[in-house]
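Colleague: Take a look at this one; I'll ask things after.
The values are calculated or read from the model by the stated rules, or taken from the named source; none is laboratory data. What you see is a predicted model, and the numbers here were worked out from it, not measured in a lab. Cβ atoms come from the backbone with ideal geometry, glycine included; neighbour counts cover every protein chain shown.
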Amino acid sequence: MTIVKEELSGMLTLSFGVDPLVVGPLAPHTPVKLSAVDLVAPYVGPGQPDFTACLGYVMIRSNKSNNDNRVVIAAKGRAVITMTSGEAIPAGKPVTMNSAGKVVMSTYREPQSIFRVMDFAWNGGETITVNGVVMTEGIDFITGPDVMTTAQNIATAINALVPGHNAFASPPDQVVIERQNNGPNFNNTVIPISTSDDGADILVALLQDGDISIFDPYGIALTETTAPDVPIDVLVR
C-alpha cells in the first residue's frame with residue numbers, strides 16, 4: 001500500500017463500476033480515472049487521452065472480467081469542506097464549481113450531429129455531406145420502405161465512407177453521428193453536416209459542440225443533495 005500512502009494526503013474509499021472497455025479485473029494499487037460514462041478505467045498518465053486526472057487507487061479489486069462489477073478505490077483529497085449545491089447530486093460523484101461558485105456534477109459532452117429523415121420517397125440524386133464527405137442517394141445509399149430503414153441505410157454509408165466517425169440510426173427517424181476516439185483531448189468542435197435537400201426528405205436537426213467546460217473535477221461529493229442551494233460536503237482534491 002506504499003503507493004497509496006505516498007500519494008494521498010486524505011483518503012476516502014468509494015465503490016465504482018468498471019468501464020466496459022476494461023479487459024479483466026483491476027488489480028489493487030492500479031491508478032484509475034473516471035471515464036466518460038462515470039465508471040473507472042486505468043489512468044495512464046499525462047499526455048494520454050484521459051477523461052480526467054487520477055481519481056485514486058484500487059484498494060479492493062473487481063472480481064469479474066466484465067463491466068458488471070465494482071471496485072473499491074481510495075480517492076485523493078486534501079480536506080472536507082461544506083459548499084452550496086447547484087443541482088441535485090448523488091454521493092460519490094466527482095464535482096466541480098459553476099460560474100456562481102456552486103457545486104455541480106463534473107461531466108463531459110461529446111460533439112454530436114444529427115440528421116432527421118423526413119420522408120422515404122426521395123427523387124434520387126440527393127446528397128448528404130458529413131465532415132466534407134459527399135454521399136449521393138442511389139449511389140452511396142438507398143432509401144427504404146420507411147424512414148427508419150432509410151436512416152439505417154444512411155448510417156451504414158457514413159460508417160463505410162467517413163473516416164474517424166461512427167453513425168447509428170435512432171428511432172423514430174434520426175441518424176446520429178459521433179467522432180471515434182474523441183474525448184476532451186481531441187477535437188471538441190462540431191461535426192459539420194449538410195444536405196442538398198434540407199427540410200424536404202432530410203434535415204439537419206442538431207449541430208452540437210463538445211463541452212469540457214465543467215469536466216475538470218474539483219472534488220468528490222460525500223453527501224447527497226436532492227435539490228440546489230442546499231449544503232453539500234465535498235472532499236476537495
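Colleague: Kindly indicate the residue of the range 210-228 that is modelled with pLDDT of 80 or more and in contact with a Ser or Thr (Cβ under 6 Å, 6 or more places away or on another chain) and also surrounded by the fewest Cβ atoms within 10 Å (Cβ to Cβ) among those meeting that condition.
Modeller: So, considering only residues that are modelled with pLDDT of 80 or more and in contact with a Ser or Thr (Cβ under 6 Å, 6 or more places away or on another chain), the one surrounded by the fewest Cβ atoms within 10 Å (Cβ to Cβ) is Pro228.
Colleague: With the condition kept exactly as written, say whether any residue in the range 177-191 is hydroxyl-bearing (Ser, Thr, Tyr), surrounded by 14 or more Cβ atoms within 10 Å (Cβ to Cβ) and not assigned by TED's automatic domain parsing to the domain that holds Ser35. Full working, then the answer.
Modeller: Within the range 177-191, the subset hydroxyl-bearing (Ser, Thr, Tyr) is 189.
Still in the list and also surrounded by 14 or more Cβ atoms within 10 Å (Cβ to Cβ): none.
The answer is no; no qualifying residue exists.
Colleague: Inspect all residues belonging to the range 118-130 and state whether any of them is of a type outside the set (Ser, Thr, Tyr), within 23 Å of the chain's Cα centre (by Cα) and surrounded by fewer than 17 Cβ atoms within 10 Å (Cβ to Cβ).
Modeller: Step one: list which residues in the range 118-130 are of a type outside the set (Ser, Thr, Tyr), which gives 118-126, 128, 130.
This time we only want the ones that are within 23 Å of the chain's Cα centre (by Cα), so: 130.
Add one more test, that the residue is surrounded by fewer than 17 Cβ atoms within 10 Å (Cβ to Cβ), and what stays is none.
Looking through the range 118-130, none of the residues is of a type outside the set (Ser, Thr, Tyr), within 23 Å of the chain's Cα centre (by Cα) and surrounded by fewer than 17 Cβ atoms within 10 Å (Cβ to Cβ).
Colleague: Quick test for you: out of Val80, Val117, Val134, Val95, pick the one residue that is touching a strand residue (DSSP E or B) at 6+ places or on another chain (Cβ under 6 Å) and without any contact (Cβ under 8 Å) to a residue 12 or more places away in the chain. Walk me through how you get there before you give the answer.
Modeller: Numbers: Val80 fails: without any contact (Cβ under 8 Å) to a residue 12 or more places away in the chain; Val117 fails: without any contact (Cβ under 8 Å) to a residue 12 or more places away in the chain; Val95 fails: without any contact (Cβ under 8 Å) to a residue 12 or more places away in the chain.
That would be Val134, the only listed residue that is touching a strand residue (DSSP E or B) at 6+ places or on another chain (Cβ under 6 Å) and without any contact (Cβ under 8 Å) to a residue 12 or more places away in the chain.
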